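First the structure, in the form of structure tokens, and then the observations on it.
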Amino acid sequence: MTDQTQSPQTALAPATPDRWAEFAHLLRGNKITFAAVLLLLLLVLLALIGPAIAPYGATTTDATASLEPPSAAHFFGTDALGRDVFSRVVIATRLDLAMAFGAVVLSFAVGLILGPIAGYFGGWADTVIGRFVDTLMAFPLFVLAMGIVAALGNSVGNIVLATAIINLPFYIRTARAEVNMRRDLTYVEAARMAGNSPWRILAVHIVPNILPAMVVQASLNLGWAILNAAGLSFIGLGVRPPTPEWGIMVSEGAGYIFSGEWWTFTFPGLALVLAVLCFNLLGDGLRDLLDPRSRT
Amino acid sequence: MPLLLTLLRRIGSAIPSVFGVILVTFVLARALPGDPAAYYAGASATPDSIAQIRSQLGLDQPLIVQFFGYLGQLAHGNLGQSTSSGQAVLSDLIERLPASIELTLTALMFALIVAIPLGIWAATRPGSWVDHLCRLLVTLGAAFPTFFTALTFVYIFYFQLDVAPEPLGRLSEIYYTMPPRVTGLLLIDTLLAGDPEAFRAAFAQLILPAISLGLFALAPIARVTRAAMLEALGSDYCRTARAMGLSRGRILFVIALRNAALPILNVLGMVFSFLLGANVLIEKVFAWPGIGAYAVNAVIASDYAAVQGFVLMMALLFIVLNLVVDLFASMADPRVRYDD
């Protein structure tokens, strides 16, 4: 890892040889970001090996042990069908993270194509892409996501797609602004003089330099993507029972509030909070690292 | 006068957005999986009735003709028929809109009343406990899903402490009479009807949903207020004002706050987007009879005309709210009037 950042053509330009040292220093100085990094590792680990370490199966029912409060046998209690809430929360990590990452990767990729085209070429390309962005932003975003899922069909894939579409404007805007800023810089002029095609200039000389800003955008966006996907499944879209997913588990648990079985909705809800918190703090930390101007 | 001109220009600049919104809702309707005619015809349709519905809906026409047909229908206030309620979508939505507006505006007011003083206070004492409290609230507020906050509140304040009323709708009609509908906003209508008991009950019903919704909006407002006030207080003009011996209160609330108003107003656009979206989730939790809960049922029931009408109405509402914010922004800061 260290070698990579010390090579001059690193993506995180302007390259400083001691970026990882700086990162380590910042982490030491910022315990919160450090905690967020640890939390991220835990979440990713759970997503990878969750089903293997969960004490019970995600859909294993036990009619003799329904709606039991948290105990040594069931850390987070059991739901109405006697399923172990702890196991379901752990196993759901994979699906929730996958939906959020999937959506973010999609909008990141599309934004990284459309944004630079708008920012570099300007003219009608910029106008068309700008109009597209304005139109998406004219909707309350969650409402647009509901409309998209309703139109395309009620499936997990369409939840990811809808989440990606509503977040697209932020990536396009960031990429466009960053490219626009660099379009007439001396090194880009030089590349142009040397006879590089516009596409080559974009791909080789400009886009790598806007990656840090885009990565910050993506990490700040991950928490929002989780909230959005969980919100959609909370209202009954996408994920279907008995699939374990945090949003739908909160929704299922909500029915037991009036009989006092708080654990059925609280633990999946807290899992959501932890994941979103983790990504938001990570995004803030990353922004501090990559954009020293915004450090407070 | 320049204000009026700004208003007209802003309304003019919203027209492409309105057009775009209509286009998107139209495209979404065409993206429905399967044959819309078969879908609208229902389960017991024959090929004949499907063909009839197809020509009735104009689905055998070219897309562009269909689009103009859709525009014509919208111009006549026709959003189609809801298959689940059997009513015209527009009258369904108008019936339920005041409930959503009352909830959203109350939540916004709660967020503003808490977030702005908190942000100002934190900015005047950077690094103090208030600043840390502000940061904690901002961080947690952005991380708690609204529906989870809402359920937690219901559990604590209704089930455990029993200080909140049952989270079912706007007013319990078993104990209170619904006031005659004037504005549709219960807090106003109950007062107009001279029924303070019902007012109190309606207000009690509103508190938990409005606070759960408002907490989510609180985070961005407090964060921006703090940052904008910090910048304003550190500026040359505030230093000058201090050097001239102006009172602390005057510097803080007149000079600095006025300059910080613009970023705060600008973030409101995003806040409205949050609020109108999260509204749907809150309405589901509290069985709130607004357009969000209506849309959730419509989506589940594949009642597409209703969903389409809902998306369109929310988007138009959002555009109008943004216009209002723009207008306030140009009142707060003359520079905005000359922009673009």
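No value in this document is a laboratory result; all are computed from the given coordinates. The model shown is predicted, which means the values in this text are computed figures rather than measured ones. Here Cβ is always computed from backbone atoms with ideal geometry, including for glycine, and neighbour counts include all displayed protein chains.
Please state, as a whole number in µm²/s, the translational diffusion coefficient that the Stokes-Einstein equation yields for chain B at 37 °C and 0.692 mPa s, with Rh defined as the Kirkwood radius across alpha carbon pairs. Before the final figure, lay out the partial values.
Working: Rh = 22.9 Å.
Answer, rounded: 144 µm²/s.
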Would you mind computing, in nm to one decimal, how far apart the modelled labels at residue B:247 and residue A:134 are, each placed 7 Å from Cα along Cα→Cβ? 4.6 nm
Along Cα→Cβ, 7 Å out, is where each label goes; now give me the distance between the ones at residue A:31 and residue A:67 in nm to one decimal. 4.2 nm
Two-site label geometry, residue B:51 and residue B:236: point separation in nm, points 7 Å out along Cα→Cβ: 7.9 nm
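Where does each of B:320, B:182 land when they are ranked from fewest to most other beta-carbon atoms within 10 angstrom? Mind showing how you got there, number by number?
On the way: B:320 14, B:182 11.
Placing the least packed residue first, the sequence is B:182, B:320.
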Find the centroid of the Cα atoms in segment B:60-74 and in segment B:96-167, then give the distance between the two in whole Å. 44 Å
The protein assembly as shown shape via C-alpha gyration tensor axes, a/c threshold 1.5: rounded
What angle, in degrees between 0 and 90 and rounded to the nearest 10, separates the Cα long axis of helix A:123-137 from the longest principal axis of the Cα atoms of chain A? 20 degrees
Average beta-carbon neighbours from other chains, 10 Å sphere, peptide B:272-281: 6
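Under the classification rounded if a/c is under 1.5, otherwise prolate if a/b is larger than b/c and oblate if not, where does segment A:106-151 fall, given a ≥ b ≥ c as square roots of the Cα gyration tensor eigenvalues? Provide the component values of the computation, followed by the final result.
On the way: a/c = 3.32, a/b = 1.88, b/c = 1.76.
Since a/c reaches 1.5 and a/b is larger than b/c, the shape of segment A:106-151 is classed as prolate.
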Rounded to the nearest 0.05, what FRET efficiency do residue B:81 and residue B:130 have when you use their Cβ-Cβ distance and R0 = 60 Å? 0.65
Provide B:211, B:282 in ascending order of the number of other Cβ atoms located within 10 Å of each residue's Cβ, fewest first. B:211, B:282
Out of the chymotrypsin sites (Phe, Trp or Tyr not before Pro) in segment B:127-206, which ones are loop residues according to DSSP with at most 14 other C-beta atoms within 10 Å? B:175
In what sequence do B:267, A:204, B:307 fall when counting other Cβ within 10 Å, fewest first? A:204, B:267, B:307
Additional length obtainable on full extension of the chain from residue B:163 to residue B:178, 0.36 nm per residue less Cα span: 3.2 nm
Counting each DSSP H run of 4 or more residues in chain A as -39500 (n - 2.57), what helix-only mean residue ellipticity at 222 nm follows after dividing by all residues, to the nearest 500 deg cm²/dmol? -23500 deg cm²/dmol
When the helix-only estimate is applied to chain B (DSSP H runs of n ≥ 4, each -39,500 (n - 2.57), divided by the residue count), what is the mean residue ellipticity at 222 nm, nearest 500 deg cm²/dmol? -24000 deg cm²/dmol
Taking the alpha-carbon centroid of each part, what is the distance from segment A:101-126 to segment B:187-233 in angstrom? 38 Å
P(r) tail for segment A:40-146, what percent of Cα pairs lie past 17 Å? 68 percent
With a Förster distance of 35 angstrom and the Cβ-Cβ distance between residue B:207 and residue B:266, calculated FRET efficiency to the nearest 0.05 equals 0.75
Over what distance in Å are the Cα centres of segment B:251-326 and segment A:166-211 separated? 35 Å
